[in-house]
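As structure tokens, the structure follows; a few thoughts come after it.
The values are calculated or read from the model by the stated rules, or taken from the named source; none is laboratory data. Model, not experiment: these values are computed from the prediction. Note that each Cβ is placed from the backbone with ideal geometry, even for glycine, and that neighbours are counted across all protein chains shown. Surface accessibility is based on the protein's heavy atoms, side chains included, excluding ligands, DNA and RNA. Shrake-Rupley method; radii C 1.70, N 1.55, O 1.52, S 1.80 Å.
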Amino acid sequence: MELQKLIQVLDAPKIYGDTSVEIKNIQSDSRQVEAGSLFVAVCGTTVDGHAYIPNALEKGAVAIVCEKVPGNVETLDCPVIAVKNSAEALGLLLSQWYDNPSHKLTLVGVTGTNGKTTIATLLYNMFRKMGYKVGLLSTVCNYVDDEAIPTDHTTPDPHTLHALMAQMVEAGCEYAFMEVSSHSIAQDRISGLDFDGGIFTNLTRDHLDYHKTVENYLKAKKKFFDDLPAKAFALTNLDDKSGMVMLQNTAAKKQTYSLRELADFKGKIIESHFEGTEMQINNRDVYVQFVGRFNAYNLLAVYGAAVLLGKDPEEVLRILSSLHSVAGRFETIRSPKGYTAIVDYAHTPDALTNVLNGIHEVLDGRGRVITVVGCGGNRDKGKRPLMAKEASKLSDQLILTSDNPRFEEPNAIIQDMVVGLALDDMEHTLCITDREQAIRTAVAIAKKGDVILVAGKGHEDYQEIKGVKHHMDERELIADIIRENTDLKL
């Protein structure tokens, strides 16, 4: 594509040199540059791409897009395009490069601290059941219709993102649902995407290692809604204290969902079981195969989004009742000995509280709760004592253990968690560094009617230690331990 055509999408760029040059690809990593590349110098969180402009030129870049114009710009043998924000420009250029695929899809983004994966995945499953070809971008896995594409990030990098959108269009997808992380918003990774709807779940403490303050974290989430076009809908959780903040400056159609207040989409829990929940949505009864208030909120958001996308409410309810939980989200494993194990991705204080409250809603005092939980290494340390405190408050037995220690010492992470516990809490708390041994201990002490919650990893099938990912699928592990223990009794 000719550079002149490519840069038409940029807002008032300052141009140095002749833009009639032909571009073979777009790169923001100088290591990927080859002859004919357009190099976009992005000011990253740890590396400034402007420092690599000479490398890019040496490797054959034929044009540069940047924020900081090189001092020798007049002597460079290639055009230089100066922009206010090169990260934003990168997304716009990539969208143009792939012929604006998101404009050809009905694209809905889901953001918030908890619930993003569940809501995006359930919308993907629902619309497929309606007979549509659909794309999904999520923490667990990306999908182009029925083709699974592994993922490493909640929201992919701009190159991967726009390439996946183009694949979705090529595959005949009409809809796409994606998780939108606070990192991707703050870093302009979603620049160039044309959203038709946005969903806000909730906002609690998370990622403060990156955002530094809760206010910055909130602003990142809010920016997503601020940037939605007037044609889109903005659906928010009315019961979350930040819910209406998200809608303050949006041009999109404002819509709400709630379990407590009058809202566009109003829900009510009637009865809870470990097999599912009987609830009302806009005065219609529906039985869903999900547990807990937090899941009731997720289902309200799914219902609301589907209706806002023009689907028949009765059909939406019918399909909603047939959907199952997402991998690693409140996955239930029953033991022949009468206790239940639940695997859940909960890795924030609020998510952990939600899951434990969901368990208590069903147990209603008829059994003990045994919680196995840890905190990831090289992440927000401030939430560690809060995780332990919340877990202790809602558990009869707490086992603190490792959860992807990464490059930190596992025992040091556990000690950071212990800081949140009072002396009385320690009476029902064990610290077992080895995660497998912690899970085996929980199973060993469980009795009929008890519930074991193994929290933090969910769908992940590995344990990351010192940069190495070791296989560990907790769902497999728990099933194996239960089988071993059952066989021993035979």
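In table form, for the structure just shown:
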read-out	value
Rounded to whole Hz, the Karplus (6.51, -1.76, 1.60) HN-Hα couplings of the range 174-190, x for glycine and proline	9, 10, 9, 10, 9, 6, 10, 7, 5, 4, 5, 6, 4, 8, 6, 6, 9
Listed residues Gln248, Leu299, Phe274: farthest to the positive end of the dipole of the range 199-327 (Cβ charges)	Gln248
Expected 222 nm ellipticity per residue - DSSP helices of 4 or more, -39500 (n - 2.57), all of the chain, to 500	-9500 deg cm²/dmol
Residues Asp364 and Cys141, FRET efficiency given R0 of 35 Å [Cβ-Cβ distance, rounded to 0.05]	0.50
Cα-based helix-to-principal-axis angle, 349-363 vs the chain, degrees rounded to 10	30 degrees
Amide proton proximity set for Val21, modelled H, under 5 Å, gap of 5+	Leu3, Gln4
Shape category assigned to the range 323-369 from the gyration tensor of Cα positions, a/c cut at 1.5	oblate
Amide H partners (placed H, <5 Å) of Glu464, local residues excluded	Asn404, Arg406, His470
FRET efficiency, Val47 to Gln8 (Cβ-Cβ, R0 30 Å, nearest 0.05)	0.55
Antiparallel bridge percentage (DSSP; both residues within the chain; nearest 5)	35 percent
Extension reserve of the Ile149-Ile269 stretch, reckoned as 0.36 nm per residue once the Cα distance is removed	39.6 nm
Accessible area of Lys219 in the full protein assembly, 1.4 Å probe (Å², nearest 10)	110 Å²
Per residue solvent-accessible surface (Å²) - the chain, probe of 1.4 Å	42 Å²
Unit charges on C-beta of K, R, D, E only; dipole of the chain, Debye	960 debye
Derived scalar couplings ³J(HN,Hα) [the range 18-34; Karplus, 6.51 cos²θ - 1.76 cosθ + 1.60; whole Hz; x for Gly, Pro]	8, 9, 7, 5, 8, 9, 9, 6, 10, 9, 10, 10, 4, 5, 8, 5, 9
Residue-span extension gain [Lys311 to Glu34] - 0.36 nm each, minus C-alpha spacing	95.0 nm
Net charge, Phe195 excluded, C-beta distance under 10 Å - Lys, Arg +1, Asp, Glu -1	-2
Gained length - Lys84 relative to Asp424, 0.36 nm times residue gap less alpha-carbon distance	116.8 nm
Antiparallel bridges, percent of DSSP beta bridges restricted to the range 191-300 (to nearest 5)	50 percent
Gyration tensor (alpha-carbon) shape descriptor, the range 333-490, a/c threshold 1.5	oblate
Ellipsoid equivalent to the range 56-144 - semi-axes via the Cα gyration tensor, in Å	40, 15, 11
Computed over the chain: relative contact order in percent, which uses C-alpha pairs under 8 Å that are six or more apart	10 percent
Sites Lys447 and Ala479, calculated FRET efficiency, Cβ-Cβ separation with R0 25 Å, nearest 0.05	0.85
